Amino acid sequence: MQLSLAPNNSTAATTSPIVDPKGRRTYTGHLLFWGICGALAVWGFFTSNGLVTSAAFLVPPILVQLLWRKGEPPVLLFGCMIQWLQATAAIFYTNHYGVTLEGAFGSNELAVATWLSIVAVVVLAFGIRCGFIGAGPSLQSQVEAEASRVDIKKLAILYIAFVPVAAALSYTAWRFTSITQLLLGIASLKWGIIFLLCYCVLHQRRNYGLLVGCLAFEFVAGFFGVFANFKSVFFVLVVAATASPLALRGRRLAATIVCFSILFVSGVVWTAVKMDYREFLANSETANEEAIPIERKFEKLADLVSSVTWENFTDGMDALIMRVSYVNYFALAVENVPNRVPYENGELWKGSIMHVLTPRLLFPDKPVLDDSERTRLYTGVQVSGMESGTSIGIGYIGESYIDFGPVWMFAPIFLLGLLYGLINRFFLTRTKYKLLGAALAVSVLIFTAYEIETSNIKLVGGVVSVALVSIVIYVACGRTIANFLKQSPAREPGVRRFPAKSHVA
């Protein structure tokens, strides 16, 4: 017969959740965070943009208070924090140069747009929080227990097998517009797999080499495209690292700081060289960046990066900050609506809902989306569009203002947050395999809920279609994937197996 023994002390310490009966560490951490933000708010009051700076520093602890659920992936908190950064970057940038928002823009529209954007992010977070009302306690113990039983090498095999599939689907999606969302929804599952790899490696504290290999591959591959998706894999890593109660301690804190440092430096360098690199791609003999040999891309990018000077770096830093800030077009819309263009009274949000209800597969004549056309109309500014291979949007917050004005604009934003919260709640609470559910929630929401500049018509259509695709895939393949990733009994943590003894009568 086989004998199964209880786990030894070292294994239990690795796989069991941290328990703090008095909650002193959590309370102290929250108090310290509030104290730091409060001190920054007091300091901010004496800057060039005093009141709005103080308000900006008080938002992060509010977001944490609303959206943090212990031991669960904070994908929506991450998204709201990025949106907060986009809404407030102009404040910190103008403060650095001792200029007010009004002085930088020439009127008070930038200040108005900034205030409305800050409030909108908080309202979005309230909507998300309402989506979790009655969801029950944190699922930390279940998620960690499943992560302890995952075979990380099998997970790495799944990742390696799916990478070319995701690349092929992403490449094909834009050539078959009737099923673009379906193909992109399937391709987005790659980020769920990467989340599983990040989370399980950090939880089990082994196989770091496989994780580093994944991060390095995604980082390097992301640099070779026109839009530089190198940051994406680090966003997933940050969400996985901060899913644990140990997020702000030891190695996880160090990993998070390193991630943001790499992202910042890489973002500045990319901003400094991207125009020259894109010109190289556009002027290649093939005029098709997908056909350029990877060696030529690498050589050109390496040459551009090596030529970056400190002056280029500082210029790139300024450009990156202004790129992260996304209230300028909103400010132009505030200046133009309703003075020259009337409020739309809900037509833009109605269009986003109709876009979901009329899939291109069934309605092939549905017009192609062009954010730039909408931006030209409501800002009065000529921006590059589809004719230049780009798209520049006002963002869903600005479009809400265009629809309903500065008061009722927050109603659809609250409902959008409610939708995000319900999607996240569904994948966490209504799935049998909680770890897979968490991974799917990350893949659906992480690159949907973090950009303030996304048009509402793309936002609603994208998140709904990807969520539906993910639900179908979970129902069809969830059990198969969970069984494949599970460790064999002999390798499960804390279990020792002995050969059966033969008994002679």
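The values are calculated or read from the model by the stated rules, or taken from the named source; none is laboratory data. Source: prediction; values computed, not measured. Cβ placement follows ideal geometry from the backbone for every residue including glycine, while neighbour counts extend to all protein chains displayed. Each accessible area value is taken on the protein alone, full model and side chains, heavy atoms only, with ligands, DNA and RNA left out. Shrake-Rupley method; radii C 1.70, N 1.55, O 1.52, S 1.80 Å.
In this structure, the amide hydrogen of residue 486, modeled 1.01 Å from its nitrogen in the peptide plane, lies closer than 5 angstrom to those of 151, counting only residues at least 5 positions away or on a different chain.
Check each of the trypsin sites (Lys or Arg not before Pro) in segment 127-196 and keep only those in coil by DSSP with at most 15 other C-beta atoms within 10 angstrom; list them in order.
Numbers: sites: 129, 149, 153, 154, 175, 190; in loops: 149, 175.
Those that pass, being in a loop and sparsely packed, are 175.
Taking label positions 7 Å along the Cα-Cβ direction at both residue 258 and residue 486, the computed distance is 3.4 nm, reported to one decimal. Across segment 438-451, rounded Karplus estimates of 3J(HN,Hα) from the backbone phi angles (6.51 cos²θ - 1.76 cosθ + 1.60, θ = phi - 60°) give 5, 5, 5, 4, 5, 5, 6, 9, 5, 9, 10, 9, 10, 10 Hz, Gly and Pro being marked x. With Cα atoms defining each centre, segment 186-217 and segment 49-111 are spaced 30 Å apart in the structure.
Report the local net charge at residue 349: Lys and Arg +1, Asp and Glu -1, summed over other residues whose C-beta lies under 9 Å from its C-beta. Before the final figure, lay out the partial values.
Working: positive: 350; negative: 344, 347, 399, 403.
Charge balance in the 9 Å sphere: -3.
Applying 1/(1 + (r/R0)^6) with R0 = 35 Å to the Cβ-Cβ distance of residue 318 and residue 170, what FRET efficiency is obtained, to the nearest 0.05? Calculated value: 0.65.
The 3J(HN,Hα) values that the Karplus relation (6.51, -1.76, 1.60; θ = phi - 60°) gives for segment 392-398 are, in residue order, 10, x, 7, x, 5, 5, x Hz. Gly and Pro appear as x.
Over 27 Å between Cα atoms: which of 154/297; 366/432; 297/458; 153/231; 190/366; 153/190 fall into that group? Too far apart for the 27 Å limit: 154/297; 366/432; 297/458; 190/366. What a 1.4 Å probe finds exposed on segment 19-162 is 70% carbon and sulfur by accessible area, rounded to a whole percent.
All C-alpha pair distances within segment 56-108, sorted into 5 Å bins from zero, spread as 4, 18, 22, 17, 13, 10, 8, 4, 2, 0 percent across the bins. Using a simple spin-label model with pseudo-atoms 7 Å out from Cα toward Cβ, residue 365 and residue 307 lie 5.1 nm apart. Ranking 311, 144 by solvent-accessible area of protein heavy atoms (1.4 Å probe, all protein chains present), from largest to smallest, gives 311, 144. With all protein chains in place and a 1.4 Å probe, the accessible surface of segment 316-458 carries 62 percent carbon and sulfur.
First obtain the Kirkwood hydrodynamic radius of segment 26-128 from its Cα pairs, then insert it into the Stokes-Einstein equation at 4 °C and 1.567 mPa s, and state the resulting D in µm² per second as a whole number. Let's see the in-between values first.
Values: Rh = 14.3 Å.
In µm²/s, the coefficient rounds to 91.
In terms of overall dimensions, the C-alpha atoms belonging to segment 358-454 reach 50, 36, 23 Å along their principal axes, ordered largest to smallest. Using alpha-carbon positions, what is the distance between the centroids of segment 337-377 and segment 405-426, in Å? So the two Cα centres are separated by 18 Å.
How high is the FRET efficiency from residue 339 to residue 138, r the C-beta distance, R0 60 Å, rounded to 0.05? All intermediate terms of the calculation are to be shown ahead of the outcome.
Values: r = 49 Å, r/R0 = 0.81.
Step by step, r from the Cβ atoms, then E = 0.80.
Under the simplified labelling scheme, the residue 102-residue 411 pair shows an inter-label distance of 3.2 nm, with each label point 7 Å from Cα along Cα→Cβ.
Using the beta-carbon distance between residue 275 and residue 358 and R0 = 41 Å, what value does 1/(1 + (r/R0)^6) give for FRET efficiency, to the nearest 0.05?
Working: r = 38 Å, r/R0 = 0.92.
In this case the efficiency is close to 0.60.
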